[in-house]
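The values are calculated or read from the model by the stated rules, or taken from the named source; none is laboratory data. Just so we're clear, the structure is a prediction, and the values are computed from it rather than from any experiment. Cβ coordinates were reconstructed from backbone atoms using ideal geometry, including for glycine residues, and neighbour counts include every protein chain displayed. SASA here: full protein model, heavy atoms, side chains in, ligands and nucleic acids out. Shrake-Rupley method; radii C 1.70, N 1.55, O 1.52, S 1.80 Å.
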Amino acid sequence: MIPVQPVFPKEPVEHNEAQQPSKVRSALKSLFKEFLSHSTIHGMNYIGMAKSALEHLWWMTVFVLSVAGCGLLIQQVYHKWDENPVIVSFDEQPTPVWKIPFPAVTICPEAQIKTDLFNFTECLHTEFHSSSILDQARQEQLMAVLQLCDSFFHTFKMYTENYPDVSPKIVSMLKNLSVTMEDTIKWCNYGKTFCREAFFQTLTDNGICYTYNGLSMKDMFNDGVLHARATGPATRYHIKVGSRIKDIESYCKEEQGFKLVLHSPDEYPVPSLKYVLLPLEQDITVALRPQILTTAKVLHSYTPKRRRCFFNNERKLKFFRYYNQNNCEVECLTNHTLATCGCVKFSMPRTEGTRVCGTPEMRCVLDAQSYLIQSLAKIKLKETVVVSKCNCMQACSTIEYQTEITQSKYNSWQTLALRSAPIVPNATQRVDETQTSKITIYFKGDEFLSMRRGELFGLTDFIANCGGILGLCLGFSLFSTVELAYYFIAKPVLLIRNSRKTEDNKPVW
């Protein structure tokens, strides 16, 4: 009788499944050793071939320090790429003068009011230093003219209490009382062309001024903005300006003469902040040196903060059609004054319904302007991108006019007496009643070097620098990236997948 062999059951499937993770771990460990032995990254094979724990620790330490060094160097490269990607350099070729726009010229007489229509000194003494009282119309005119005077008149309470509210009428009053263009612009010509008639009234914070070569109100401001501007072409020219002696008012203003503002045609002039003072009875020569800054097309893809400038279509202004830093700051000052004082100065651009500040509120207007100017100055002094509530960075294409000024004594009465008296006998009498100044404005040279904002450190440079650092410290290359993806992504996924297929194909007992 043949003995029957007992049949022992096979090991349960659960036991094989428990062994499966250990097989996968073993395969992954072998794969990692293979990576250490064959990797192109420096130091990996030394770690894999280490025979002792001390040797293993040594090469691991060297590798970690190399990686840390790479990280620090790449961080510096990234900071350079992120913060300083732009360089300003000179163009290779000079720009001829005929390709450079002539500046807009704004002339503001310090003698703003015609004495024949309103005697400021007499009215002020009558109102505050005598027992007489001005009528309502004269009081309103006095309050309007006070806004043109020095800040002295807005310091003491005696000049800021119990004034009638003339804010709705102040602009029209100043226009009616101001000296005319004929009184201010005596002569203008360039070559054989006369340009006096090309001057137009401009309302500024200095009062009524006269601008040549500026944009018109329609072209300067957006629709619905209340203001006045000038228009006209321009080139090199000579101009004679004058003020009648009886209109010169030393009580209202300490400075006498004319304020000259040279600015880009699309820029709103602010005579109180940026001007050249032209004394009376002087012959002034102004030599222009234009500073042109353009921006390369490659920087269009950069953010304004990185390139540190705005293109005209990137920064929209509420009042102005064209963006430049000056217009932006004027708009910011207007908004700040409105928020602080509840009104704006008569010269500020505004929309219909915005209240114009009365004379009692001028102290608030001046304080708001001083505060904002100091705040912007503090921001600009920092070596960072100018970012503030105004957000008034430089425009990407700008032109500024640097000036070199010389002056000498100018006796217009004597010159006219010698030249014109035999022809026009009463010419000397008319000139004797006026103090004049002569201005000559011209470009100093025929060619000027412009500047260009270009790319200093682009994405390609950043990648190249990072690759150089990684190659120097670790021997890392683009092929090493593929190698890491193979050993740490592709190969492990294949191992795990194959192990699962093998387990699935085993017979179940």
Take the residues in the range 316-332 that are touching a helix residue (DSSP H, G or I) at 6+ places or on another chain (Cβ under 7 Å) and among the basic types (Lys, Arg); name whichever of them is least open to solvent (accessible area, probe 1.4 Å).
ARG321
Restricting to the range 333-359, count the residues that are surrounded by fewer than 20 Cβ atoms within 10 Å (Cβ to Cβ), more than 19 Å from SER172 (Cα to Cα) and not β-branched (Val, Ile, Thr).
6
Could you tell me which residue of the range 463-475 is farthest from HIS38 (Cα to Cα), considering only residues that are open to solvent by less than 50 Å² (accessible area, probe 1.4 Å) and in contact (Cβ under 8 Å) with a residue 60 or more places away in the chain?
CYS466
Inside the range 471-491, can you point out the residues that are in a helix (DSSP H, G or I) and touching a helix residue (DSSP H, G or I) at 6+ places or on another chain (Cβ under 6 Å)?
CYS473, LEU474, TYR487, LYS491
Applying the selection to the range 334-363, what residues are in a helix (DSSP H, G or I) and of a type in the set (A, V, I, L, M, F, W, C)?
LEU338, ALA339, CYS341, MET362
Restrict the check to the range 421-429 and report whether at least one residue is surrounded by 14 or more Cβ atoms within 10 Å (Cβ to Cβ) and modelled with pLDDT of 85 or more.
no
Out of CYS123, CYS108, report the one residue that is open to solvent by less than 70 Å² (accessible area, probe 1.4 Å), without any contact (Cβ under 8 Å) to a residue 24 or more places away in the chain and under 29 Å from GLY242 (Cα atoms).
CYS123
Just checking, does the range 477-500 include any residue being of a type in the set (S, T, N, Q) and modelled with pLDDT of 80 or more?
no
So, in the range 301-325, of the ones that are of a type outside the set (D, E, K, R) and not in a loop (DSSP other than H, G, I, E, B), which residue ends up modelled with the lowest pLDDT?
SER301
Can you find a residue in the range 431-453 that is open to solvent by 40 Å² or more (accessible area, probe 1.4 Å) and assigned to a helix (DSSP H, G or I)?
yes
